[in-house]
Each structure stands twice: as structure tokens, then as C-alpha cells.
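The values are calculated or read from the model by the stated rules, or taken from the named source; none is laboratory data. All values reported here derive from a predicted model rather than from experimental measurement. Please note: Cβ atoms are built from the backbone with ideal geometry, for glycine as well, and neighbour counts cover all protein chains shown. Ligands, DNA and RNA are stripped out before the accessible areas are found, and what is left, the full protein with its side chains, is counted by its heavy atoms. Shrake-Rupley method; radii C 1.70, N 1.55, O 1.52, S 1.80 Å.
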Amino acid sequence: MDQTVRCMSKRFYLTTAIDYVNGQPHLGHAYEKIITDVMARAQRSAGAEVFFLTGADEHGQKVQQAAHAEGKAAQEYCDGLAATWQAFVARLDVTNDDYVRTTQPRHKEVVQAILSKLYVEGQFYKAPYRGFYSTKEETFLTEKDRRPDGNFDPSYGDVVELVEENYYFKLKDHQQWLIDYIESHPDFIFPENRKNEVLGFLKNNTLEDLCISRPSSRLSWGIPLPFDPTYVTYVWFDALSNYVTLPAALGDPLLCKALGCGAGKLAGPELWPADKQVIGKDIVKFHAVYWPIMLKAMGVPLPKQLVVHGWWQKDGQKMSKSTGNVVDPMAVVNEWGVDAFRYYVVRELAIGPDGNWTDAGFSARYHAELANGLGNLLNRSLSMLNRYRKGVVPQPSSELAKDAEKAAAESWAAIEKNELQDALVSIWGLVNRANQYVDQTAPFKMAKDPAQSARLDEVLYNLAESCRILAVLLWPFIPGTSARIYAQLNLKTTPDKRTEAQWGGLVAGHVIGSPEALFPRRDQPAAAK
Ligand code: MSP
């Protein structure tokens, strides 16, 4: 009856990769969630209804082995880890709407429905497989994975030769279709160079069919194949499916119809197709080759865009627990605050290339851009308004309105294009302009000259209003700081709507609060005793 109403309510659906739980959450995991959160918050701030999904990838050999080593049942082991990972996500101020775990019944049921459907439709076949298998990577290796000296890279861990019967998913037949699809949908893979890599791969290689099972005698920690319970689902088929299993379990009408599951619950939120699926560069092949073909076979449309980010290194080297060369996001957040961390990772690295974390670089940005830039602007703007006008906002003046409009327009345009780093650069255009305005107009001098009282009113208004608008523009990036700016301006609302970035929001006569340092400096030597 209310079909039309539902048609109009497709939500903006964003996903991240789901993390392997049997490791410590690190900078790379944090980064992916933060950039996706910035996109999610930006969309909400523009008025969209958003659904943001992240989660945990809990099946597989490594988890089974690790649980065994700790003398725990695999589920119990995963429950403990998932709690840690969820706390990690929450600590980053990430606003995911749900958290999917591949061991949840709601996920497993839909995976089985997908497998049954594809099996009935003849998409799978059984064949022997012989190969070199890396237990660490949970994958069969190919000749191409050998180093020039003939050995497999030690990063693959133990490599054993295996022959076993398995089920395969027919990929080959779809190769040309996928090439055509990617070429006719230039925005499907972002950034451009990743799209070209995928096309190059597809044009120069013949796709091998994808092995989707493991014998349960070797691996029991997985989802049983509904048509042959002596096998479990191979981790990638299981893991990739999460992007549709969760919406289907919630009753997404498109998915429920296509997958023939969840009958009777068609009234759930309309999520699929995903608007953005954010992943790291190492898992592009799974998402840009296997995943689209899986969806095509399911009879489900493809996501609108895959957003592929680069990898972080530390001090120019791969992060590695064994050498101790890691960035512990929680330690940084506890020491410097969550917004300093969120700001740094987005400002330092555009979505696409690889990045390099250095502690010195972090501290330099913190002091120059957050403490001296934004923090100082707010502090002096509010202090002067308190000192010279008892905190009472003067009549509106629009000297900096154009600069504020420019920062807003540029930053929103950049966010739409996944250029989050550029968005911050544009916003800092306003921070720097307003700080420069203080230096140029020198309100502290004007305050001594009663003849300049009207001019001082103008300057004080422009500064306070710029700070207010900055809070709105910064909401997707550093929401805690935005809220603090609003609180110091004594505004009772949350700066979470783009429409509030219109110049003139502060009204004459409003009384602001008192300033408090947003980002205390931390590089001053301790006072001499
Ligand atoms: N479980 C699979 C993904 C399945 S998605 C259906 C997996 N998990 S992971 O924990 O290894 O990685 C999760 C995400 O973190 C991936 O997108 C990966 O690229 C990203 N990162 C892992 N290390 C990273 C860096 N050093 N830097 C940036 N991101 C990195 O793969």
C-alpha cells in the first residue's frame, strides 16, 4: 500500500571491510572506519538517512587454531574479541548503525539462502583441487606467489601441499561482462588508478573459478554448505556476503525478494545497493572481481562505488607486531584525544595513496593546525568578545561571509568526491583567514580607542560567527570539537546540519560562554623548578 513511500526512503548505505578479529586493532583498521565515518556524518549532516555498517570476520582456520591454543570454544573466543573490537570502534567516535559478525545466526541464515539459490541455479560444481595452501592467509597460493628463488614469501607462514575435492563458483563466464561493466561505470572503482589496475588484471588474465568451500574435516569453524554439510563455506564467500546478509536480515525489500529469504519481513529499511563500500588496497580483487560476479549471480545490483584507500606505514616501514613498529590507535587517542587522531589521519593522507605515520609529523600537525590554528582562533575570538563586550554578540556583519561560504562549498564538493583531505584544506582556508583577520584588524588596539567601537563590533562578530560556522563544517571530521565550540558559544543545539553553516546564525544580544582550550599545547618544556 505504501510502496511509493518506501521507494523514496532508500538510505545512503556505507560499509567498511569486516576485520579479522584475531589480531589487535591497529592504525589501518582505525583509518578505514574514520574515513567512512566522515562520509556517513557528512551525508547525515546534508539531510540524508544513512546506514553505516562495519563488523567482524570471525570464521576460518586461524580463528579456529587460536581458540584451540587458548583452550576455548571458537564461539566463546570470538565473543571476547568482538567485544574488544566493538569498544575500539566506539572509542573512535564512529557512528556505525550496526555491527555485523559473521558468526551471528542472522548472517549465517542468509549466507545459506544465497548458497542454496546459487546451487539450485547451477552456479557451483565440484572438482578436485591440488595446491599450496597458506594457513596464515587462508588461501591457496599460485605459482605467481613464488619469489624469484622459488620459495613462498615468509609472510605466508607455513605453506603445505593439499589435494582435496571442493566446490567452485563459476567466475570465468562473467569476465567480459565485468570488463564492460567497469568500463561503462567509470565511478564504480575509486580512485581511477585502482580502476585501471583492475581492468588491466581482467584483460590480461583468464579468471580462475573461485573455490568456495573447505572440507569440514579440515576446517569446522565456518558456515556449513546447505547442500553438502561435509563442507563449510570458504571465508571470502562468507565474508563478502556480509554486505547483503545484514540488510536482508533487517528486511531490505530488494534483497529479500532477490534472495528469497526473510519472507514476511519485507518492510525493513531499503539499503541495497550500497552507495559506498570502503576497503583497503589489498582486498581490491575480492571486491572488484569476485564480489560483483557473486552479486550478478544472485540477481542483485552492484554497489554504486568501491572506495579504495591506501595503506599506512610507520616511519617508512610496514607496520609489524614482531618488530614493534606499530601505531596503537588507542594509545594515541588516550594521550592526545580522539579528535586529534581523527584529524591527523584524514588530513595527512588522501584516499588512495599509501601514507606514513611519524610521531613527529603527528605532533607538528597537532600544534600548528589544531592548537595554534583552530584552538587559538576560538580562544582569542571568544576571549575578546568576553573582555570587550561582556560576551554579548554585536550586530551581524558579513566581512568574512564570502570566505565562510567558500570553505563550505569547497569542502562539501570535496567530500562528495571522496577527497576528504582536500575538504580539510578548504576548511583550514577559513581558519587561517580568520586568524589573519585578527592580526590585520588588531582588535586589541581598537579596544583602546572609543572612536573605533563600531568597527570593533564588526570584527568581533565576524570572528565569533566564523568559529560557529567552522563547528558545522568540522562536524563530520572532529565532532567532539565541533560540539565543544558550540558549547563555548553557549549554543544549545548540535552543529550536525549543513544548513546551519549559513552566515548570520549568531544573533545580536546572544551571550556566549567562556573559552576553554580545545587542543592544549604539549610541546612546552616543563616549567623550571
Ligand atoms: N576480513 C578481511 C576483509 C573482509 S571484507 C568482506 C580483511 N580483514 S583485515 O582485518 O585484514 O583488514 C580489514 C581492513 O583493514 C582492510 O580493508 C585492510 O585493507 C585494512 N588495513 C589493514 N592494514 C592496513 C594498513 N596498514 N593501512 C590501512 N589499512 C589497512 O582483510
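Taking (1) assigned to a helix (DSSP H, G or I); (2) in contact with a Leu (Cβ under 8 Å, 6 or more places away or on another chain); (3) at pLDDT below 95 in turn, VAL110 satisfies each apart from (3).
Among the conditions (1) under 29 Å from ALA442 (Cβ atoms); (2) surrounded by fewer than 19 Cβ atoms within 10 Å (Cβ to Cβ), GLU335 misses just one, which is (1). Annotation for the stretch 214-221: at least one member residue is touching a residue at least 24 places away in the same chain (Cβ under 8 Å), within 23 Å of GLU121 (Cα to Cα) and either open to solvent by 10 Å² or more (accessible area, probe 1.4 Å) or touching a strand residue (DSSP E or B) at 6+ places or on another chain (Cβ under 7 Å) (or both). On inspection, GLY150 qualifies as assigned to a loop (DSSP other than H, G, I, E, B) and open to solvent by less than 80 Å² (accessible area, probe 1.4 Å). Checking THR15 against (1) out of contact with any Lys or Arg (no Cβ under 8 Å at 6 or more places or on another chain); (2) at negative phi, which test does it fail? Looking at each condition in turn, THR15 falls short on (1). Those helices (runs of 4 or more DSSP H) of the stretch 179-265 in which at least 1 residues are more than 16 Å from the ligand (Cβ to nearest atom) and more than 23 Å from the chain's Cα centre (by Cα), considering only elements entirely within it, cover 192-204, 253-259. Scanning the stretch 120-140 finds no residues that are within 27 Å of LEU162 (Cβ to Cβ) and part of a helix (DSSP H, G or I). THR102 meets each of the listed conditions (1) crowded, with 22+ Cβ neighbours inside 10 Å; (2) within 13 Å of the ligand (Cβ to nearest atom); (3) within 16 Å of the chain's Cα centre (by Cα) apart from (3).
Within the bounds of the stretch 478-485, is there any residue that is open to solvent by 30 Å² or more (accessible area, probe 1.4 Å), modelled with pLDDT of 95 or more and within 16 Å of SER383 (Cα to Cα)? Within the stretch 478-485 (the criterion being open to solvent by 30 Å² or more (accessible area, probe 1.4 Å), modelled with pLDDT of 95 or more and within 16 Å of SER383 (Cα to Cα)), the answer is yes, since at least one residue qualifies.
At least 1 residues being more than 13 Å from the ligand (Cβ to nearest atom) and under 17 Å from the mean Cα position of the chain (by Cα) is the threshold, and among the helices (runs of 4 or more DSSP H) wholly inside the stretch 1-95 those reaching it are 27-45, 74-91.
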